[in-house]
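The values are calculated or read from the model by the stated rules, or taken from the named source; none is laboratory data. This structure is a prediction, so every number in the text was calculated from the model and none was measured. Here the Cβ positions follow ideal geometry from the backbone for every residue, glycine too, while neighbour counts run over all protein chains shown.
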């Protein structure tokens, strides 16, 4: 608990610095173009929907992030006519058939009660976007909440995704933070329900491009017991050397912590330098060098990791965002394994966002390379695959399918060494009830087929998620 309190205090600097810097940056920018007047109607009792309609998006802005940057490519972001923020409340329920740890058997249920906030603040040359969800949970599983000082079966959870981007004539600066504190692994958390992502749902949802998997100290071991939290903060600068070329420099710091004993905590520090060149208006290529340092508090082992990637990207606004990367990876170990201190391997990644048609979207990603070990190893060779398909079924109903797979094995592992293979697959339905209320229902199966599980080759859990979310009408900032 003391680690969590200390971390939360440190985390507070991010919104404080961002909010404090916004007025100063805004003063240095040009005078804004006048916007259409927005009615400041009651957030609860206005029935005309005028303010809601004025805030709806009018066009898709192209994704101008560098190919060698730290964020996932997107098909672009909706343009909003106003800066606004929206608060809301949410109730969720998760029913599970068992525990993947093998400690508890039988069905249990967990209730989530939380608040949601989404914020979009934009000026001529910069944008601040944030989504937050946080509250409490109460579970019939006594393992949930242990170690938080709040008693078995209860605790708190938090999720935050925020970024600030400034675009100058030649310079682009980006500040990103992703944080989660959950009663279980974030890998597959929430299924296809509204619990899986922070912020409000619907047309007022604020898009925040996520960090690529290689820059997040993710935890993909579904058998880990008890609450855990992770955070990744990134600072990135891009300089356009010409009409076609640009140089990107970035630094990322991430942590993974477990409240209950038995898992391995980790710290990750990453530095990136890359060069991009636009071959055509839609296609670009790049060369990236990345250095990563992995440390494990309380453990003697540490890793130094160097990666060189050739990259290809293709972006079609409103249609496609694609990135392919691959190259050699050199890993140095502080403590040798099998008398070997260095190992050379290959690494690569793929990320795709694709709009199949109006109202239908596809997300794919794959990553192979060295990782922090997901709490089970002091460094690992990992593969991670994720896929999601969403479709607008009717005017008010939408559906989604989701799938994830992760494998973690020891670096320089001998034959028969333990390995963790984790899967999840599910589907969900959601319905809009008016402009401010949303209902979602999801099912997900989770499978831990790791060879390290005592006495079992595999372990499966079935989960059913239910979520109700309501938010006020938007509060227009200007």
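Restricting attention to the stretch 395-412, the residues that are within 20 Å of residue 362 (Cβ to Cβ) and either free of Cβ contacts under 8 Å to residues at least 12 places away in the same chain or in contact with a helix residue (DSSP H, G or I) (Cβ under 8 Å, 6 or more places away or on another chain) (or both) total 0. Annotation: of all residues in the stretch 333-357 being touching a residue at least 24 places away in the same chain (Cβ under 8 Å) and over 21 Å from residue 72 (Cα atoms), the one that is surrounded by the fewest Cβ atoms within 10 Å (Cβ to Cβ) is 338.
Residue 441 - would you say it is without any contact (Cβ under 8 Å) to a residue 60 or more places away in the chain and farther than 22 Å from residue 270 by Cβ? Break it down stepwise before answering.
Details: without any contact (Cβ under 8 Å) to a residue 60 or more places away in the chain: no; farther than 22 Å from residue 270 by Cβ: yes.
So residue 441 fails the test.
Across the stretch 175-201, the number of residues qualifying as surrounded by 24 or more Cβ atoms within 10 Å (Cβ to Cβ), in contact (Cβ under 8 Å) with a residue 60 or more places away in the chain, assigned to a loop (DSSP other than H, G, I, E, B) and out of contact with any helix residue (DSSP H, G or I) (no Cβ under 6 Å at 6 or more places or on another chain) comes to 8. For the criterion of being closer than 23 Å to residue 473 by Cβ, assigned to a loop (DSSP other than H, G, I, E, B) and at pLDDT below 95, residue 40 passes.
Do we find a residue being buried (at least 20 other Cβ atoms within 10 Å of the Cβ), modelled with pLDDT of 90 or more, touching a strand residue (DSSP E or B) at 6+ places or on another chain (Cβ under 6 Å) and farther than 19 Å from residue 125 by Cα anywhere in the stretch 76-87? So far as the stretch 76-87 goes, yes, one or more of its residues are buried (at least 20 other Cβ atoms within 10 Å of the Cβ), modelled with pLDDT of 90 or more, touching a strand residue (DSSP E or B) at 6+ places or on another chain (Cβ under 6 Å) and farther than 19 Å from residue 125 by Cα.
Number of residues in the stretch 58-92 that are more than 23 Å from residue 280 (Cα to Cα), in a strand (DSSP E or B) and out of contact with any helix residue (DSSP H, G or I) (no Cβ under 8 Å at 6 or more places or on another chain): the value is 7. A single entry from 375, 369 fulfils the requirement of being surrounded by 18 or more Cβ atoms within 10 Å (Cβ to Cβ), at positive phi and in contact with a helix residue (DSSP H, G or I) (Cβ under 7 Å, 6 or more places away or on another chain): 369.
Residues that are in a strand (DSSP E or B), closer than 16 Å to residue 171 by Cβ and without any contact (Cβ under 8 Å) to a residue 60 or more places away in the chain were ranked within the stretch 226-264; the one that is farthest from the chain's Cα centre (by Cα) is 245. Take the conditions in contact (Cβ under 8 Å) with a residue 40 or more places away in the chain, surrounded by 23 or more Cβ atoms within 10 Å (Cβ to Cβ) and not in a strand (DSSP E or B) and apply them to residue 120. Does it pass? Judged against the criteria, residue 120 is not a match. On the basis of being in contact with a helix residue (DSSP H, G or I) (Cβ under 6 Å, 6 or more places away or on another chain), under 20 Å from residue 325 (Cα atoms) and modelled with pLDDT of 95 or more, does residue 350 make the cut? Taking the combined requirement at face value, the residue does not satisfy it.
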